[in-house]
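J.: Okay, handing you the structure first.
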Amino acid sequence: MIESLVEQIESRFAELSRQMTDPDVISDRHRYAEAGREYARLEPAAKLAEQWRRATDDAAGAQELLDEGEDSEVREMLATARRRVEELEEGLRLAMVERDPADDKNVIVEIQGGAGGEEGGLWAGDLYRMLAKYAERRGFSTEPLDVGDGKYTFAIKGDGAYSVFKFEGGTHRVQRVPATESQGRIHTSTATVAVLPEAEDVDVHVDPGDLQIDVYRSSGPGGQSVNTTDSAVRITHKPSGIVVSMQDEKSQLQNREKAMRVLRARLYEQAMADQQAELAADRRAQVGTGDRAEKIRTYNYGERRVTDHRIKLTVHNLDAVLEGELDDLTAGLTADEKRRRLEAQAQSA
C-alpha cells in the first residue's frame, strides 16, 4: 500500500519536475502556473517519500545484520529504523489527503460585532486588524470592500489564501475590561467571522434576470449624507434571497462591482455546501448566532491567553496573536483537518 503510494508520488513529482523545465510548458503561462502550484503542493510529500526510501533501506540493512548474529546494538538500530518508517508512513498518508477544492482561492472575509453591544463592535475591529496583519505576514494582500460601523468586509488575495484563513470562520469570544467600563469589571463579548472562497465568473453563473439592483444615496455615521448622488448599491439575488449592499466608493459602478464579488462568493459558498453535505454543516455553522456560548476561540486579556476550542489548544501569547502571529493555531488546525479527512477517506474506501 505505502510502496504503491511512494511510487505514485515519485512518478508524478518527476513528471512535474520535467514540465517545469519544458520550453513548451514555460511558454504557456497557464500551464506553467498550474504545474508550479502542483509541484509546490507535492514537494513535501516527495521529500517524505525520499526519506521513507532511506529509512526502509536502513531497516533492511539492520535486519540483515541481525540475521547474521544477535547484537543488542543492531537490534536497537532496527527498532529505531522501524519507528522512523512508521512515522514517515503516517506523514505520507497525511500529506496525500485529498485537499479542499477551494484551498487555492482568494477569500472574502466578513466580520461583525455579536454579543456585547458597543464592545462587540470594537472587538470586531480588533479582529479585522489581527487578520489583516496575519495576511500581511503570510505574504497575502488585502483589499477593504466595506469597512465601518462595526462591520468589516475585505478580500485577502494570494495563492492558497482560503487554505489559511478558512479556520478563522466562526464566533470569536473576548474576555476583557472594556474601555467604557468605569468599575474595571471583565465583560464577555463576541464577534462573528465568515470566510468565503472568492468565486470567479467561471465558478458561479449569475443570471442578470435574477438580480434586483437598487441604488440610493450613501450615508455616513449618524445618518448624514456622504454623497449627493445615488452611488450606494443594493443587490438582491431573488432565487436565494441573498442581499449585498455597498456604499464605500463614490462611484456607483465601483460599489456595484464590489457587491457582485461578495454576492458571487456567497453563492459559491452555498453551492459548495449543497454539493458536499459534510462541509455544509461546517460552513453554514461558521457564524452561528454570535451568542457568547458559541465560540471557536476565546481571547482572555486577564490571563494573556488564547484558546482554540476546536483542537483544545491554548497559547499564552495574546499580544503576539493580536499582532497577527497565528501560525501555531493554523498549523494545529491544518493537522487536525488532515487527520479528519484521512479518517473519512479510510471509512469510505
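The values are calculated or read from the model by the stated rules, or taken from the named source; none is laboratory data. Keep in mind that what you see is a predicted model, and the values were worked out from it rather than measured. Reconstructed Cβ throughout: ideal geometry from the backbone, glycine too, with neighbour counts over all protein chains shown.
J.: Tell me, yes or no, whether segment 57-74 has at least one residue that is surrounded by 16 or more Cβ atoms within 10 Å (Cβ to Cβ) and either in contact (Cβ under 8 Å) with a residue 40 or more places away in the chain or touching a Cys at 6+ places or on another chain (Cβ under 6 Å) (or both).
T.: No, there is no match, as no residue in segment 57-74 is surrounded by 16 or more Cβ atoms within 10 Å (Cβ to Cβ) and either in contact (Cβ under 8 Å) with a residue 40 or more places away in the chain or touching a Cys at 6+ places or on another chain (Cβ under 6 Å) (or both).
J.: Go through segment 122-158 and give me each residue that's of a type in the set (Gly, Ala, Ser), touching a residue at least 40 places away in the same chain (Cβ under 8 Å) and within 24 Å of Lys295 (Cβ to Cβ).
T.: Across segment 122-158, the qualifying residues are Ala124, Ala132, Ala135.
J.: What's the number of the only condition in (1) touching a residue at least 40 places away in the same chain (Cβ under 8 Å); (2) closer than 27 Å to Arg264 by Cα that Ser189 fails to meet?
T.: Checking Ser189 against (1) touching a residue at least 40 places away in the same chain (Cβ under 8 Å); (2) closer than 27 Å to Arg264 by Cα, the one that fails is (2).
A quick yes/no check of all residues on (1) exposed (fewer than 13 other Cβ atoms within 10 Å of the Cβ); (2) within 25 Å of Arg93 (Cβ to Cβ); (3) of a type in the set (Lys, Arg):
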| position | (1), (2), (3) |
| --- | --- |
| Arg12 | no, yes, yes |
| Leu16 | no, yes, no |
| Gln19 | no, no, no |
| Arg29 | yes, no, yes |
| Tyr32 | no, no, no |
| Tyr39 | no, yes, no |
| Lys47 | no, yes, yes |
| Trp52 | no, yes, no |
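J.: Another question, if that's okay. Look through Thr334, Thr289, Thr314 and report the one residue that is of a type in the set (Val, Ile, Thr), over 19 Å from Arg129 (Cα atoms) and modelled with pLDDT under 85.
T.: Details: Thr334 fails: modelled with pLDDT under 85; Thr314 fails: modelled with pLDDT under 85.
Exactly one of Thr334, Thr289, Thr314 is of a type in the set (Val, Ile, Thr), over 19 Å from Arg129 (Cα atoms) and modelled with pLDDT under 85, namely Thr289.
J.: Can you give me the number of residues within segment 101-131 that are in a strand (DSSP E or B) and of a type in the set (Asp, Glu)? Lay out the reasoning, then the answer.
T.: Initial filter on segment 101-131 (in a strand (DSSP E or B)): 107-113.
Applying the additional criterion that residues be of a type in the set (Asp, Glu) yields 110.
Residues that pass the stated criteria total 1.
To keep it simple, each residue is scored yes or no on (1) assigned by TED's automatic domain parsing to the domain that holds Ala265; (2) at pLDDT 90 or above; (3) among the acidic types (Asp, Glu); (4) in contact with a Leu (Cβ under 9 Å, 6 or more places away or on another chain).
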site	(1), (2), (3), (4)
Ala14	no, yes, no, no
Asp28	no, no, yes, no
Glu34	no, no, yes, no
Tyr39	no, no, no, yes
Ala79	no, no, no, no
Leu88	no, no, no, yes
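J.: Here's another thing I want to ask about it. Which ones in segment 203-247 are modelled with pLDDT of 80 or more and among the acidic types (Asp, Glu)?
T.: Within segment 203-247, Asp207, Asp210, Asp214 meet the criteria.
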